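**Student:** For reference, the structure I am asking about is given below.
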Amino acid sequence: MGNVKIVFSDIDGTLLNSRHRMLDSTHKAIMDLQKSGIPFVIVTARGPSGVRPIFKRYGFVCPMICYSGALIIDENDKIVHSEGFGAEDARSIISYIEESGFDCTWNIYSEELWIVNDRSDKRIRVEEEIVEVDAQEGSIDLLPEGAIVGKLLCMCEPEAICHIEDELKKRFPKLSIVKSSDILLEVMGRGITKASGIERVCTNLSIPLESAAAFGDHYNDAQMLRAVGMPFLMGNAPKDMQKEFECVIGSNDEPSIYNALKGLGIITC
């Protein structure tokens with residue numbers, strides 16, 4: 001129980017409740033971890049601009065693994081790792097999406113940039129409200145020369161997302177493609193996952209993965225949870241995920257993270 005040396009957490013559906021706010025108990029748990037010298041690291045499909053409003057609202061900073069492992073930024077807001085794919089690959093994916101007539105809208109993320117094809121799309125407007133960042137409408141040509149695309153996000157309808165996921169995986173087998181919600185489909189470079197991100201952080205800190213705890217709630221968290229010694233799946237996770245992981249805790253609307261960390265004996269009452 002006393003072997004936890006680092007804690008990783010997803011944001012949406014995990015760190016934040018269903019109203020996209022942090023519970024007081026979760027905030028206290030993070031503060032207690034930091035006082036104890038145990039690193040707390042956010043691991044998210046969001047970009048850094050979608051994480052900083054959380055830091056500002058709740059008065060703390062920590063390292064963040066963004067774009068599901070493609071971009072790692074330390075507690076001093078310095079980029080320590082960035083990988084992904086180039087603009088031409090992104091252009092090929094977008095062309096295929098548009099030519100196939102998929103019922104989705106695409107988003108391109110590159111470090112601080114968030115480019116969308118139609119900012120009036122209701123799905124993009126909802127995402128802007130959640131992450132408290134405004135997207136930039138335009139084309140792939142807005143990317144600076146030599147820019148690395150951290151991820152391409154497809155916002156889909158629930159009834160269409162599985163078909164779009166299957167088709168993209170067939171067409172682009174070398175990319176990392178995974179659902180992060182019932183409507184969000186993440187497309188990253190080859191081998192990029194939340195697991196690869198936390199492995200890199202643990203290696204840099206000389207912490208074994210067996211001494212890491214992690215919290216997540218959806219399919220893009222699965223590999224991260226499998227990689228750590230102490231995985232915690234939120235009770236609001238999909239039912240088939242709950243069959244795989246033994247330690248299913250309460251939902252993101254309950255003091256689940258606090259209770260789990262208290263149970264590990266690494267935070268105080």
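**Student:** So, in the range 114-141, exactly how many residues are closer than 25 Å to residue 189 by Cβ, open to solvent by 70 Å² or more (accessible area, probe 1.4 Å) and either of a type in the set (S, T, N, Q) or at pLDDT below 95 (or both)?
**Tutor:** Going through the range 114-141 one residue at a time, the tally reaches 2.
**Student:** Please work out if residue 144 is farther than 15 Å from residue 93 by Cα, assigned to a loop (DSSP other than H, G, I, E, B) and either touching a strand residue (DSSP E or B) at 6+ places or on another chain (Cβ under 6 Å) or not small (Gly, Ala, Ser) (or both).
**Tutor:** Working: farther than 15 Å from residue 93 by Cα: yes; assigned to a loop (DSSP other than H, G, I, E, B): yes; either touching a strand residue (DSSP E or B) at 6+ places or on another chain (Cβ under 6 Å) or not small (Gly, Ala, Ser) (or both): yes.
Judged against the criteria, residue 144 is a match.
**Student:** Yes or no: residue 169 in contact with a strand residue (DSSP E or B) (Cβ under 6 Å, 6 or more places away or on another chain), charged (D, E, K, R), farther than 17 Å from residue 251 by Cα and buried (at least 16 other Cβ atoms within 10 Å of the Cβ)?
**Tutor:** Working: in contact with a strand residue (DSSP E or B) (Cβ under 6 Å, 6 or more places away or on another chain): yes; charged (D, E, K, R): yes; farther than 17 Å from residue 251 by Cα: yes; buried (at least 16 other Cβ atoms within 10 Å of the Cβ): no.
So residue 169 fails the test.
**Student:** In the range 68-85, how many residues are open to solvent by less than 30 Å² (accessible area, probe 1.4 Å) and either assigned to a loop (DSSP other than H, G, I, E, B) or among the aromatic types (Phe, Trp, Tyr) (or both)?
**Tutor:** Residues of the range 68-85 that are open to solvent by less than 30 Å² (accessible area, probe 1.4 Å), as a first pass: 68-73, 85.
Of the ones still in play, those that are also either assigned to a loop (DSSP other than H, G, I, E, B) or among the aromatic types (Phe, Trp, Tyr) (or both) are 70, 85.
So the count comes out to 2.
**Student:** Hey, another quick one. Any idea how many residues of the range 3-26 are charged (D, E, K, R) and crowded, with 19+ Cβ neighbours inside 10 Å?
**Tutor:** 3
**Student:** With 45, 29 as the choices, which residue is more than 24 Å from residue 128 (Cα to Cα) and open to solvent by less than 60 Å² (accessible area, probe 1.4 Å)?
**Tutor:** Numbers: 45 fails: more than 24 Å from residue 128 (Cα to Cα).
None of the others qualify; the one that does is 29.
**Student:** Identify the residue in the range 149-162 that is more than 20 Å from residue 128 (Cα to Cα) and in contact (Cβ under 8 Å) with a residue 24 or more places away in the chain and, among all such residues, is most open to solvent (accessible area, probe 1.4 Å). Give the steps one after another, and end with the answer.
**Tutor:** So the first thing to find is which residues in the range 149-162 are more than 20 Å from residue 128 (Cα to Cα), and the list is 159-162.
With the extra rule that they be in contact (Cβ under 8 Å) with a residue 24 or more places away in the chain, the set shrinks to 160-161.
Numbers: 160: 21, 161: 4 Å².
Among those residues, the one meeting the criterion is 160.
**Student:** Please indicate, with yes or no, whether at least one residue in the range 238-246 is open to solvent by 30 Å² or more (accessible area, probe 1.4 Å), assigned to a helix (DSSP H, G or I) and either touching a Phe, Trp or Tyr at 6+ places or on another chain (Cβ under 7 Å) or in contact (Cβ under 8 Å) with a residue 60 or more places away in the chain (or both).
**Tutor:** no
**Student:** Turning to a different aspect of this structure: Do the conditions hold for residue 186, that is, is it in a helix (DSSP H, G or I) and either touching a residue at least 24 places away in the same chain (Cβ under 8 Å) or within 23 Å of residue 124 (Cβ to Cβ) (or both)?
**Tutor:** Working: in a helix (DSSP H, G or I): no; either touching a residue at least 24 places away in the same chain (Cβ under 8 Å) or within 23 Å of residue 124 (Cβ to Cβ) (or both): yes.
Judged against the criteria, residue 186 is not a match.
**Student:** Considering only residues that are surrounded by fewer than 22 Cβ atoms within 10 Å (Cβ to Cβ) and of a type in the set (A, V, I, L, M, F, W, C), look in the range 54-67 and name the one that is farthest from residue 113 (Cα to Cα). Give the derivation first.
**Tutor:** Taking the range 54-67 first, the residues surrounded by fewer than 22 Cβ atoms within 10 Å (Cβ to Cβ) are 55-62.
Next cut, of a type in the set (A, V, I, L, M, F, W, C) only: 55, 60-62.
Working: 55: 19, 60: 23, 61: 21, 62: 21 Å.
Out of the qualifying residues, it is 60.
The values are calculated or read from the model by the stated rules, or taken from the named source; none is laboratory data. Worth saying up front: this structure is predicted, and the values here are computed from it rather than measured. Please note: Cβ atoms are built from the backbone with ideal geometry, for glycine as well, and neighbour counts cover all protein chains shown. Each accessible area value is taken on the protein alone, full model and side chains, heavy atoms only, with ligands, DNA and RNA left out. Shrake-Rupley method; radii C 1.70, N 1.55, O 1.52, S 1.80 Å.
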